[in-house]
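Visitor: Input: one structure, supplied below.
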Amino acid sequence: MQPYPTSDHYDGSKFFNPADPEGNSLWDGLKLLFAFDFENWPDVVENNTVGNDSVDHAQAVTVQGKPSKDEVAVTFVNHASLLIQTQHINLLTDPVWSDRVSPFGWIGPRRHRKAGIAFVDLPKIDVVVISHNHYDHMDLETLKRLNDRFHPLFFVPLGNKKLLEDSGMAHVVELDWWQSYQVTSDLKLSLTPAAHFSGRGLFDRGRSLWGSYHISFNGHSLYFGGDTAYSSHFKAIQERFGPPDIALLPIGAYEPRWFMKRVHMDPTEAVQAHLDLGAKQSIGMHFGTFQLTNEGIDQPVKDLNVALQEKKIAAKEFSVLPEGRATMFKVGQGYSAGR
């Protein structure tokens, strides 16, 4: 890895979380192997069966034509993969269409539900944002397919560009936290902090950066939380950029808490992140597709509903969307029944 200037999250050799520079230790990781007590997930789950009361699924709309300047269409593919459609740009977050998220095709976490959009049905993809290099977020096989078909512009945190270029992607932009890139006159991307870690093998932990994204378009904004624990970075993002119109926040892969608390939010913390950001609308993600941790397949949605009730937040303010159906949002006004 090439050296980068030292900063509050890079010591000249490795990246780290400023509020938790040590993170989970190797010993913690070994203990975790004996702490896994996975709930039984169904082998196969049909899409469009998971939701809270946030969206009337009968009113969720398939986008016909392009959104207007003051609209954005969000399609939950599943896990952390979402299709974002603005007036002029189609953008994918952490796209994963592979059957397993693993360095091996024959072992590792596998899909329990199909991607909400078949790969062949994707519209032209202009931009792909990748939050970090874990296999369930940086799926090189999917990225190669996107590159071959669409030649999009890929965004990655520091230390990840070479891996994509070595895999055949020519148009890759690498960003540090708080760095921005003007994609078009009406679209700007900024890499923002996240409380997580990186590594694709045993010996590369912290060798590349991780992050979230603030996406500005047509005078509006969307925040993609990537993969993260709860920390003060949500308030810092709000202070710098103001409240986003829409926040995409992870709500799954959070048990056992003694380990996961440092890398993944639970639904209660996701609700607090929603409040810290001041988001007008939040959408839950990172659940119900790959069994990564102990909780049941539908537990994140149940826990989210409880957390919303405890905070007296209307469920429609923090949505869980059905997979594969584009839902139109009037930007600044939250969920819209359609056009």
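The values are calculated or read from the model by the stated rules, or taken from the named source; none is laboratory data. As the structure is a computational prediction, the values presented were derived from the model and not from experiment. Heads up, the Cβs are rebuilt from the backbone with ideal geometry, glycines too, and the neighbour counts pull from every protein chain shown. Side chains are part of the model used for accessible areas, which takes the heavy atoms of the whole protein and leaves out ligands, DNA and RNA. Shrake-Rupley method; radii C 1.70, N 1.55, O 1.52, S 1.80 Å.
Visitor: For residues that are open to solvent by less than 40 Å² (accessible area, probe 1.4 Å) and touching a helix residue (DSSP H, G or I) at 6+ places or on another chain (Cβ under 7 Å), scanning just the stretch 134-162, find the one that is nearest to Ser7 (Cα to Cα). Full working, then the answer.
Guide: Taking the stretch 134-162 and keeping what is open to solvent by less than 40 Å² (accessible area, probe 1.4 Å), we get 134, 136-140, 142-143, 146-147, 150, 152-160.
The next check asks that each one be touching a helix residue (DSSP H, G or I) at 6+ places or on another chain (Cβ under 7 Å); those that pass are 143, 152, 154, 156.
Working: Leu143: 30, Pro152: 30, Phe154: 24, Val156: 18 Å.
Across the stretch 134-162, the extreme among qualifying residues is Val156.
Visitor: Still on this model: If you take the residues in the stretch 138-180 that are part of a helix (DSSP H, G or I) and polar (S, T, N, Q), which one is nearest to Asp227 (Cα to Cα)? Don't jump to the end; show me each part of the working.
Guide: Of the residues in the stretch 138-180, the ones part of a helix (DSSP H, G or I) are 140-150, 161-166.
Next, from what is left, pick out any that are polar (S, T, N, Q): 142, 147.
Numbers: Thr142: 18, Asn147: 23 Å.
Among those residues, the one meeting the criterion is Thr142.
Visitor: Return yes or no: is Ala80 of a type in the set (A, V, I, L, M, F, W, C) and out of contact with any Leu (no Cβ under 9 Å at 6 or more places or on another chain)?
Guide: On the way: of a type in the set (A, V, I, L, M, F, W, C): yes; out of contact with any Leu (no Cβ under 9 Å at 6 or more places or on another chain): no.
Against the criterion (of a type in the set (A, V, I, L, M, F, W, C) and out of contact with any Leu (no Cβ under 9 Å at 6 or more places or on another chain)), Ala80 does not qualify.
Visitor: Follow-up question, since we're still on this one. Show me the helices (runs of 4 or more DSSP H) entirely contained within the stretch 212-313 in which 2 or more residues are β-branched (Val, Ile, Thr).
Guide: Working: elements: 233-241, 257-260, 267-277, 299-310.
Helices (runs of 4 or more DSSP H) meeting the threshold: 267-277, 299-310.
Visitor: Of the residues that make up the stretch 72-82, is at least one open to solvent by 30 Å² or more (accessible area, probe 1.4 Å) and either in contact (Cβ under 8 Å) with a residue 40 or more places away in the chain or among the hydrophobic types (A, V, I, L, M, F, W, C) (or both)? Break it down into steps so the answer makes sense when it comes.
Guide: As a first pass, look at the stretch 72-82 and keep what is open to solvent by 30 Å² or more (accessible area, probe 1.4 Å): none.
No, every residue in the stretch 72-82 fails to be open to solvent by 30 Å² or more (accessible area, probe 1.4 Å) and either in contact (Cβ under 8 Å) with a residue 40 or more places away in the chain or among the hydrophobic types (A, V, I, L, M, F, W, C) (or both).
Visitor: Taking Glu174 as the residue in question, decide whether it is among the acidic types (Asp, Glu), at negative phi, surrounded by fewer than 20 Cβ atoms within 10 Å (Cβ to Cβ) and at pLDDT 95 or above.
Guide: Working: among the acidic types (Asp, Glu): yes; at negative phi: yes; surrounded by fewer than 20 Cβ atoms within 10 Å (Cβ to Cβ): no; at pLDDT 95 or above: yes.
Criteria not met by Glu174.
Visitor: Ok, one more. So which residues in the stretch 83-100 are open to solvent by less than 40 Å² (accessible area, probe 1.4 Å) and polar (S, T, N, Q)? Explain how you work it out, then say what you get.
Guide: Initial filter on the stretch 83-100 (open to solvent by less than 40 Å² (accessible area, probe 1.4 Å)): 83-86, 89-98.
Listed by number, the residues that qualify are Gln85, Thr86, Asn90, Thr93, Ser98.
Visitor: Moving to a separate point now. Determine, yes or no, whether Val183 is of a type outside the set (Lys, Arg) and either assigned to a helix (DSSP H, G or I) or open to solvent by less than 10 Å² (accessible area, probe 1.4 Å) (or both). Explain how you work it out, then say what you get.
Guide: Values: of a type outside the set (Lys, Arg): yes; either assigned to a helix (DSSP H, G or I) or open to solvent by less than 10 Å² (accessible area, probe 1.4 Å) (or both): no.
Considered against the rule, which asks whether it is of a type outside the set (Lys, Arg) and either assigned to a helix (DSSP H, G or I) or open to solvent by less than 10 Å² (accessible area, probe 1.4 Å) (or both), Val183 comes out as no.
Visitor: I'd like the full set of residues that are closer than 19 Å to Gln291 by Cα, charged (D, E, K, R), in contact with a Phe, Trp or Tyr (Cβ under 8 Å, 6 or more places away or on another chain) and surrounded by fewer than 19 Cβ atoms within 10 Å (Cβ to Cβ), limited to the stretch 101-133.
Guide: Matches in the stretch 101-133: Arg110 only.
Visitor: In the stretch 245-279, which residues are open to solvent by less than 20 Å² (accessible area, probe 1.4 Å), under 16 Å from Phe224 (Cα atoms) and more than 15 Å from the chain's Cα centre (by Cα)?
Guide: Correct list: Asp245, Val271, Asp276, Leu277, Ala279.
Visitor: Pairs please, first residue from the stretch 13-27 and more than 13 Å from Ser198 (Cβ to Cβ) and modelled with pLDDT of 75 or more, second anywhere and of a type in the set (Lys, Arg) and open to solvent by 50 Å² or more (accessible area, probe 1.4 Å), Cβ atoms under 8 Å, 6+ apart in sequence or on different chains.
Guide: Asp20/Arg262
Visitor: Could you grab me the full set of residues in the stretch 186-214 that are open to solvent by 10 Å² or more (accessible area, probe 1.4 Å), closer than 14 Å to Lys14 by Cβ and not acidic (Asp, Glu)?
Guide: Matches in the stretch 186-214: Phe197, Gly199, Phe203, Arg205, Arg207.
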